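None of the figures in this text is laboratory data; all of them are computed from the coordinates on show. Note that the coordinates shown come from a computational prediction; the quantities given were computed from them, not determined experimentally. Here Cβ is always computed from backbone atoms with ideal geometry, including for glycine, and neighbour counts include all displayed protein chains.
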């Protein structure tokens, strides 16, 4: 059995320093500003480098020269991203696919819904409105309602209600900001 001296919880309750850095007994430790990590210092140092030095750094990372016409600002941003990815890891394959599909939808102006809201193809949305049940089928490039294709849920909601409605809100996919604030205040 361990003695109380080696037990972290015993030290903490006895008024001694906490075994977790930044918590417990030493108030001066909490008041200090965090020191820049090596990666943050390296990223901050990119701003002080000349453009030829940045191009050389790109060559070291990518094993090829930067694209022609790439501005100094974009070169710095790309190098900072590369440094962060080397430390924190690259995005998952699923995330990269999702970002590509969002970028493609944005380029084609076919963004059907809020990027934070992901509806799988084949999903059916159902809404009762004035005694009539409305069903919407989700497609990969839009929505289908009563045999007609639409780019957005808002267009469908406006057709159903004959007034301007947020499509995601009409189909119950989002909550109103006021309702959300009221729910938080009631806690």
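How would you order 85-95, 67-77 from highest to lowest mean count of nearby Cβ atoms within 10 Å? Mind dumping the intermediate values first?
Details: 85-95: 9.9, 67-77: 11.8.
In descending order of packing, they fall as 67-77, 85-95.
Averaging over all projection directions, find the projected area of the Cα convex hull of the range 124-180 and quote it in nm² with one decimal place. Before the final figure, lay out each step's value.
Working: hull surface 17.1 nm².
That works out to 4.3 nm², a quarter of the Cα hull's surface.
How do the peptides 122-134, 43-55 rank, highest first, by the average count of neighbouring beta carbon atoms within 10 Å per residue?
Peptide ranking by packing, descending: 43-55, 122-134.
What distance in nm lies between label points placed 7 Å from Cα along the C-beta direction at residue 161 and residue 73?
In this crude spin-label approximation the distance works out to 3.9 nm.
Any number yet on Rg/Rh for the range 38-88, C-alpha, Kirkwood?
On the way: Rg = 10.2 Å, Rh = 11.0 Å.
Rounded to two decimals, Rg/Rh equals 0.93.
With each label point set 7 Å from Cα along the Cα-Cβ vector, what nm distance links residue 61 and residue 135?
Label-label distance for residue 61 and residue 135, simple model: 5.1 nm.
How many nm is it between the label spots at residue 84 and residue 144, if each spot is 7 Å from the Cα in line with the beta carbon?
If labels sit at residue 84 and residue 144, their model points lie 4.1 nm apart.
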